[in-house]
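What follows is a short report on a single structure.
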Amino acid sequence: MMVIVYGSGQGLQTPALKGFTIGSFNFGDPGTLDMLNTEDAGAPTKPCTEAQPGQAANCSLTYLYNPVFENIMNGYVVLEGMNFGYSMAPIEANIDAFDDLIVGTPGFEDIACHDQTTTPRNYGRNFVFYGSSRGLVASIREDYYNFETNSAAVGCPVAPENDPSSGLMASGGKIRSLQPSLSNQALNLENKGLGTRIATVGDVNNDGFEDFMMLVPSENLPDGAGGSTRPGMAYLYYGPLCPLDNEPNINEWFQSDAAGTTYDNHINVQTYAAGTAPPDTPPSLTYMGSLPAAVTASCVRSSTLGIKPLPLKFQVMGAGTSDQYGRGFTQFRAGNGDFDGDGYDDVMLGSDLITDLGRNIPNLGQGVVFFGSRLGLSVEDYPTVALSLNGKDQNRPFLVIPKSSESGSAFFKGNISVGDVNHDRTADYMVTSQKSVGTGSTKGIQIGTFFLFY
């Protein structure tokens, strides 16, 4: 369940501000509103009134249950929970000046999978809800997933072209979910958990549109060339969100070959639609031509910018087995995540499970900064301990290692964003350790500590 409490000049429009006392209201009472079916509803049933000059809108306490409700009647009781609302990220997704919301649901699976005896299970999905002049709204339930229970008819998982939330059906429609297709091998068919960790990452290519990242620390790569177990994987979606982000040809671009043993070398490679490129294009860019014209046309940013860069799947180059990068991450709104002051927002991924091999300190934790650029996020190189440029005039990823020598301190878990604490117009990172025991007079049992990285 998700509950939205709107702000105002008097603070949050809480039940108390609406005149309720503790325990005196239930969801569905006057002053509360179910967000489902409000997108096309008339003004009286919208979450908020229109804001007047100098005044905040008057808004109901709005709630939304998991849009996928039929699972309860289709054997859902034997499965793990969908965990709708496990994570959330605000983003301006569709160029209308209103903030939108992406809601992670890491236990999601299509109803059509319920006639399967084993996998796939709980692979996850991220739902997209759109803002408006009258608040955040939701469409009808039928727009968020396919109701078909027969996997032979629609697939398991449901094929994107059969999913009303993908934006790829013949009838069109808004994109209402993000869900990369599963690999064509069996390593990630159970509990992949898409939606466990999601983040708005600013505007990494500085094109005026916010970008979004999905983190999957537990994803496996197949045995053979490029394969490893849980190195940590990230999916970057450039704004604005559009049907291109769910296009099956793009998702297959990242998958293994027919034998399921080798990846096609498209991980950590920024790709563009054929015939598009940033201004002053350097050599050796990668293009993908097998995309439907109708889909690419829906993802044109402007007449001058053209089609946005294609989604990027990447990992930390050199990441090892069970490193699980992405357990720690940064998130910033556009213009607030620029770490090196070059005008492009940047991204840090970390993990509390990394052992410092140079000093032989187990589970110290480690982070890597990926820098934004006009070509997109710079991910193709191994991280370095000093800033340097690659052949495309991009900063190579930068390695961040705690100075602590305390074994098991487990830095870089969770959100490590902190804003701009010294007001120098660059992003700062606060890296915490919940397990640090301290030293000397400050020593104790998991007292915790942190360091600030300016």
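The values are calculated or read from the model by the stated rules, or taken from the named source; none is laboratory data. Computed from a predicted model, the values in this text were never measured in an experiment. As a convention, Cβ positions derive from the backbone with ideal geometry for all residues, glycine included, and neighbour counts pool all protein chains shown. When the accessible area is computed, the model is the full protein with side chains, heavy atoms only, and any ligands, DNA or RNA have been set aside. Shrake-Rupley method; radii C 1.70, N 1.55, O 1.52, S 1.80 Å.
Listing for the model above:
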| quantity | calculated |
| --- | --- |
| The range 229-240 - phi-based ³J(HN,Hα) in whole Hz, Karplus 6.51/-1.76/1.60, Gly and Pro as x | 9, 6, x, x, 10, 10, 10, 9, 10, 7, x, x |
| Amide H contacts under 5 Å for V400, placed H, 5+ residues apart | G367, V368, V369 |
| Local net charge near E406, Cβ-Cβ under 13 Å (Lys/Arg +1, Asp/Glu -1) | +2 |
| Relative frequency of Cα-Cα separations exceeding 17 Å in the range 285-351, percent | 65 |
| Note, ³J(HN,Hα) from phi for the range 196-202, Karplus 6.51, -1.76, 1.60, rounded to Hz, x at Gly and Pro | 5, 10, 9, 7, 7, 10, x |
| Over the chain: Kirkwood hydrodynamic radius from C-alpha pairwise inverse distances, Å | 23.3 |
| Dipole magnitude (debye, nearest 20) for the chain, charges at Cβ of Lys, Arg, Asp, Glu | 980 |
| Accessible surface, per residue, of the chain when the full set of protein chains is kept, probe 1.4 Å, Å² | 42 |
| Carbon/sulfur fraction of accessible area - the chain, other protein chains in place, 1.4 Å, % | 53 |
| Charge context of M430, other residues only, Cβ under 13 angstrom, K/R +1, D/E -1 | -1 |
| Separation in nanometres of the label points that stand 7 Å from Cα toward Cβ, at N150 and R425 | 6.3 |
| Estimated FRET transfer efficiency when R0 is 30 angstrom, pair S290-S322 (beta carbons, to 0.05) | 0.30 |
| Too-long pairs where the Cα-Cα distance tops 27 Å, listed order kept, from K192/K392; K313/K435; K192/K313 | K192/K392; K313/K435 |
| Cβ-based charge dipole, the range 304-454, positive-most Cα from I447, A386, V369 | I447 |
| Per DSSP, loop trypsin sites (Lys or Arg not before Pro) in the range 332-400 with at most 14 further Cβ within 10 Å | R359 |
| Average Cα contact separation per residue, the range 302-446, under 8 Å, 6 or more apart, as relative contact order % | 22 |
| Value of relative contact order over the chain, rounded to a whole percent, pairs C-alpha under 8 Å and six or more apart | 10 |
| Calculated FRET efficiency for the pair I95/F27, C-beta based, R₀ 25 Å, to 0.05 | 0.15 |
| Estimated distance in nm for a label pair at N37 and N360, the labels positioned 7 Å out from Cα along Cα-to-Cβ | 6.7 |
| Vicinal HN-Hα couplings computed from phi for the range 318-326 (Karplus, 6.51 cos²θ - 1.76 cosθ + 1.60; Hz; Gly/Pro x) | x, 4, x, 4, 6, 5, 6, 4, x |
| Two-decimal ratio, the range 117-180, of alpha-carbon radius of gyration to 2.2 N^0.38 Å | 1.22 |
